[in-house]
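Report on one structure; see the data block that follows.
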Protein chains: 2
Amino acid sequence: MTITGDQNLIKKMNKTIVLDEIKKLELVSRAAISEKTGLNKGTVSSLVNELIESQFVYEAGTGKSSGGRKPVMLLFNHQAGYSIGIDLGVNYILYVITDLSGDIIYEQKESIHDHSTVAILSTLIKTIRELFQKTPKSPYGIIGIGIGVPGIVNEKGTILHAPNLGWKNVKLKQALNDEFKVSVVIDNEANAGTLGENQFGRGQNAENLIYISAGIGIGVGMILRNKIYRGVSGYAGELGHMTIKADGEQCRCGNVGCWELYASEKALLKQSEAISHDENKLQQYIHLAAKGDESVMQNFSQVGVYLGIGISNIINIFNPELIIVGGRLSTAEQWIKDTILSTVEQRALTYHNQKTEVIFSDLRTKSTTLGASTLAISKFFTDHEELI
Amino acid sequence: MTITGDQNLIKKMNKTIVLDEIKKLELVSRAAISEKTGLNKGTVSSLVNELIESQFVYEAGTGKSSGGRKPVMLLFNHQAGYSIGIDLGVNYILYVITDLSGDIIYEQKESIHDHSTVAILSTLIKTIRELFQKTPKSPYGIIGIGIGVPGIVNEKGTILHAPNLGWKNVKLKQALNDEFKVSVVIDNEANAGTLGENQFGRGQNAENLIYISAGIGIGVGMILRNKIYRGVSGYAGELGHMTIKADGEQCRCGNVGCWELYASEKALLKQSEAISHDENKLQQYIHLAAKGDESVMQNFSQVGVYLGIGISNIINIFNPELIIVGGRLSTAEQWIKDTILSTVEQRALTYHNQKTEVIFSDLRTKSTTLGASTLAISKFFTDHEELI
DNA sequence: CCACTTTGTCTATTGAATAAACAAAGTATA
DNA sequence: TATACTTTGTTTATTCAATAGACAAAGTGG
């Protein structure tokens with residue numbers, strides 16, 4: 001059914017505008033909100049009172065007078081609730097508890113040795129129970145759990161395929177909802193990482209942002225016109241399987257010459273004839289490069305060139321404001337950045353490259369957990385429109 | 001300034017919903033509109049009366065009674081105004097006059113022999129003057145002119161670069177607005193073609209649609225979440241310069257191994273060592289293939305393989321509902337379709353390919369002119385919110 | 001102490017929607 | 001042919017979220 005306009009819609013819209021302003025400005029008065037938004041000061045006063053009643057906002061003392069009455073300063077109640085964010089990696093699970101603004105109040109990492117569904121599910125449930133215990137009391141409690149996974153996820157929260165975990169058709173959301181009566185959101189780890197960078201990283205002001213999760217494979221998340229772009233089935237962003245060498249190597253996905261064969265950890269480790277996906281391998285390589293190992297430096301350079309080729313494609317295709325390189329490979333920034341940028345300079349179209357910045361993530365391996373937490377927070381506010 | 005909700009917004013929103021329903025349903029009653037939209041029948045009655053007053057809607061007789069009073073049937077007034085759509089090609093200019101629904105009431109094609117700015121501007125102005133004369137009288141007259149061009153266009157309507165015309169920094173919009181006091185919209189020809197397919201072609205029900213304009217080069221338009229995606233500077237969609245053969249041939253854009261070197265008319269003609277961009281060359285090739293020329297058929301096949309590689313990339317990246325192949329090369333559908341589809345079958349990810357359809361344009365070379373006309377119509381309605 | 005300023009609350013008004021009454025114009029049946 | 005019922009469209013009373021502006025509270029400066 002079509003969404004039509006009525007007074008209920010208007011009120012909700014304006015209340016959301018007011019709440020977003022309070023979140024953004026970190027101490028703001030009703031008068032200032034009225035000025036910034038154009039809403040009538042009576043309207044702002046009324047809407048703020050309702051937000052105070054639902055405990056999302058509180059009065060935090062008085063501000064400075066500019067000649068008349070001192071304003072009452074408002075703050076977003078970060079601790080009105082908490083969210084759990086989880087990054088399910090190939091060799092590890094990273095957990096965070098955040099408040100409603102995404103600020104981390106607790107984090108924990110576990111290693112994975114057994115990839116079986118039963119083993120991972122068991123450890124997830126155990127640890128989430130512990131996190132529930134660790135979470136401070138608050139008006140809304142734990143409002144949801146968000147999880148980023150390295151694979152294809154459908155809209156029901158089923159992991160259709162995660163090649164690096166060896167998983168197919170795993171109903172992760174349902175399994176967790178059998179245990180925990182809170183909202184559970186499952187998303188691809190690159191999408192979650194993109195949201196993390198968009199909310200907490202250097203991608204906060206970008207309307208069109210591409211996040212590259214470069215690790216064992218390559219996954220990409222796309223914020224287009226301020227929203228994650230997912231495609232018809234929710235599977236968009238598999239640029240790791242974009243052909244960049246039409247007559248190159250066979251990929252296990254069935255294609256030939258896929259980007260991730262040349263521009264990921266897989267490419268790096270293959271060149272050194274190491275097959276193990278051991279997490280420490282990349283660290284060892286970085287250490288060797290730091291000691292001046294020419295062969296390793298050359299390998300890093302080559303990976304940089306191919307990352308640059310794919311990034312140039314992204315610039316020509318999307319014309320984004322910002323491209324953020326994240327994932328485990330971004331810890332090797334020092335050894336790949338220069339060749340990435342010089343390859344982009346050579347290959348990306350001049351006009352397209354003018355307003356595009358390519359940077360490495362500041363959040364490093366935290367993007368995905370933070371993004372996962374944000375997924376749960378967004379869902380909470382969407383599902384509880386009556387609170388706002 | 002933030003857009004806040006008020007009663008003015010509500011009314012505009014609902015009136016647009018009512019008008020869209022009348023456009024879509026082609027003879028509809030107030031009662032039916034109320035039922036379909038959920039708006040109160042008094043509201044619908046009131047809004048329809050205002051649309052009748054502004055001459056966008058009229059009462060077109062009575063419908064069948066289903067037991068009570070006969071309904072009064074409403075129609076969108078297609079002839080309330082007209083729009084001019086222009087496709088400025090490398091060797092030709094295609095003009096249409098359409099009504100407000102995009103139905104063509106007149107069309108005309110001219111050949112281009114002199115690419116100079118002065119010559120083309122002169123002929124454009126002369127022909128547009130003639131089109132103004134040819135347009136029937138109507139309440140709103142010619143509401144605007146839309147033009148698709150083969151190059152990079154900025155938001156001011158300046159053609160920054162059109163390599164196949166040999167143009168740089170041509171202020172086309174301003175030049176035409178010096179002559180004609182109507183709204184003029186300039187866009188890239190692939191973007192215009194995408195809109196044409198989205199409004200009038202087989203892309204009408206697609207939320208995520210990729211249109212490939214394959215001719216001398218390759219340009220791509222992207223409808224993502226129901227809207228054209230343009231990127232930060234408006235230059236998105238240059239997939240013709242997406243690297244698919246990292247160590248392949250040098251492109252004049254500065255990159256190496258660009259898709260359009262292998263998958264366009266350019267590739268086809270180069271293989272036969274013909275350099276001319278003569279429009280008839282492709283026709284001759286199609287004719288030779290029809291006569292069984294093995295070499296030509298093999299060349300078409302090769303182009304089909306490379307089109308398939310790029311289309312597989314598009315499927316993996318965007319996960320769209322629909323990919324439409326248009327532009328001049330689509331007239332060779334018979335000789336390239338099978339190899340495109342089999343290459344896609346081999347190379348596109350299985351999950352991603354499930355809900356994606358790849359078709360050839362029914363509008364053929366008309367996509368761009370119709371899309372250009374639609375650009376002008378959209379701008380008219382956006383700029384004249386007070387009429388709706 | 002007073003005049004002025006700024007912030008916040010309160011009240012009257014506006015108007016676009018809805019609900020429901022009413023009018024107009026059909027059909028079916030006795 | 002008259003009547004009862006149905007469907008469509010118009011009109012009226014009501015609701016309520018906004019705005020405009022009056023008023024209150026609480027400052028500053030002379």
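Some points to look at:
- Shape analysis of the protein assembly as shown places it in the oblate category; the axes a ≥ b ≥ c from the Cα gyration tensor give an a/c of at least 1.5, with a/b not above b/c.
- Inter-copy label distances at A:Ser46, using a point 7 Å along Cα-to-Cβ, come to 1.8 nm with the shortest given first.
- Taking a straight Cα-Cα cut-off under 15 Å and skipping sequence neighbours fewer than 8 places away in the same chain, the aspartates and glutamates within cross-link reach of B:Lys245 are A:Asp247, A:Glu249, A:Glu260, B:Glu260.
- Paramagnetic reach from A:Ile105 in segment A:123-144 [backbone N under 17 Å; point 7 Å along Cα→Cβ]: A:128-144
- For the pair A and B, total buried accessible area rounded to nearest 100 Å², probe 1.4 Å: 5400
- Theoretical ellipticity at 222 nm over chain A - DSSP helices of four or more residues, -39500 (n - 2.57) apiece, nearest 500: -13000 deg cm²/dmol
- Euclidean distance between Cα centres, segment A:280-328 to segment B:283-340, Å: 35
- Angle in degrees between helix B:189-200 and the longest Cα principal axis of chain B, rounded to the nearest 10: 50
- Per-bin percent of Cα-Cα distances, segment A:7-76 [10 Å]: 21, 58, 18, 2
- Comparing A:Val18, A:Thr43, A:Gly61 along the charge dipole axis of segment A:7-76, the residue lying farthest to the positive side is A:Thr43, per the Cβ-charge model.
- Positive-end extreme of charge dipole, chain A - chosen from A:Thr374, A:Ile336, A:Gly254 (charges on Cβ): A:Thr374
- Added length on full extension, which subtracts the Cα-Cα distance from 0.36 nm per residue, A:Glu207 to A:Glu155: 16.3 nm
- Note: segment B:203-362, Cα convex hull, 122 Å³ per residue.
- Compared with the direct C-alpha span, the chain from B:Glu249 to B:Lys12 gains 79.9 nm at full extension, assuming 0.36 nm per residue.
- Aspartates and glutamates whose Cα lies under 13 Å from that of B:Lys41, excluding same-chain neighbours fewer than 8 positions away: none
- Within 10 Å of the Cβ of each residue in A:257-264, the mean number of Cβ atoms contributed by other protein chains is 2.
- Think of each Lys and Arg Cβ as +1 and each Asp and Glu Cβ as -1; about the Cα centre, that makes the dipole of segment A:125-211 roughly 360 debye.
- Counting only other chain Cβ atoms within 10 Å of each residue's Cβ, the peptide A:243-252 averages 5.
- Considering only A:Ile218, A:Gly234, A:Leu288, the residue lying farthest towards the positive end of the dipole of segment A:202-362 is A:Gly234, judged by Cα position with unit charges set on Cβ.
- Label-to-label distance, A:Ser295 versus A:Gln133, with points set 7 angstrom from Cα along the beta-carbon direction: 5.0 nm.
- Rounded if a/c under 1.5, otherwise prolate or oblate - segment A:270-387, Cα gyration tensor axes: oblate
- Förster radius 41 Å - calculated FRET efficiency between A:Glu53 and A:Asn164, Cβ distance, rounded to 0.05: 0.30
- Column: log10 I(q)/I(0), Debye, Cα scatterers of chain B, q = 0.08, 0.12 Å⁻¹: -0.48, -0.98
- For the residue pairs A:Lys126/A:Lys281; A:Lys291/A:Lys337; B:Lys109/B:Lys379; B:Lys137/B:Lys366; B:Lys109/B:Lys134, the alpha carbons lie more than 20 Å apart in A:Lys126/A:Lys281; B:Lys109/B:Lys379; B:Lys137/B:Lys366.
- Principal-axis tilt of helix A:294-318 within chain A, Cα atoms, nearest 10 degrees: 50
- 0 to 90° range, to nearest 10: angle between helix B:279-290 axis and chain B longest Cα axis: 70
- Relative packing of A:374-382, A:217-225, which averages over residues the other C-beta atoms within 10 Å, highest first: A:217-225, A:374-382
- Average beta carbon contacts from partner chains per residue of A:345-352, 10 Å cutoff: 6
- With all protein chains in place and a 1.4 Å probe, the accessible surface of segment A:7-76 carries 48 percent carbon and sulfur.
- The other copies place their A:Asp338 label points at 5.3 nm from this one, listed shortest first, where each point is 7 Å from Cα along Cα→Cβ.
- Charge dipole (Cα centre; +1 on Lys/Arg Cβ, -1 on Asp/Glu Cβ; no other charges) of the protein assembly as shown amounts to roughly 1540 debye.
The values are calculated or read from the model by the stated rules, or taken from the named source; none is laboratory data. Bear in mind the structure is a predicted one, so any value in this text is a computation, not a measurement. Don't worry about glycine lacking a Cβ; one is built from the backbone with ideal geometry, like all the others, and counts go over all protein chains shown. Accessible surface areas use protein heavy atoms only, side chains included; no ligands, DNA or RNA. Shrake-Rupley method; radii C 1.70, N 1.55, O 1.52, S 1.80 Å.
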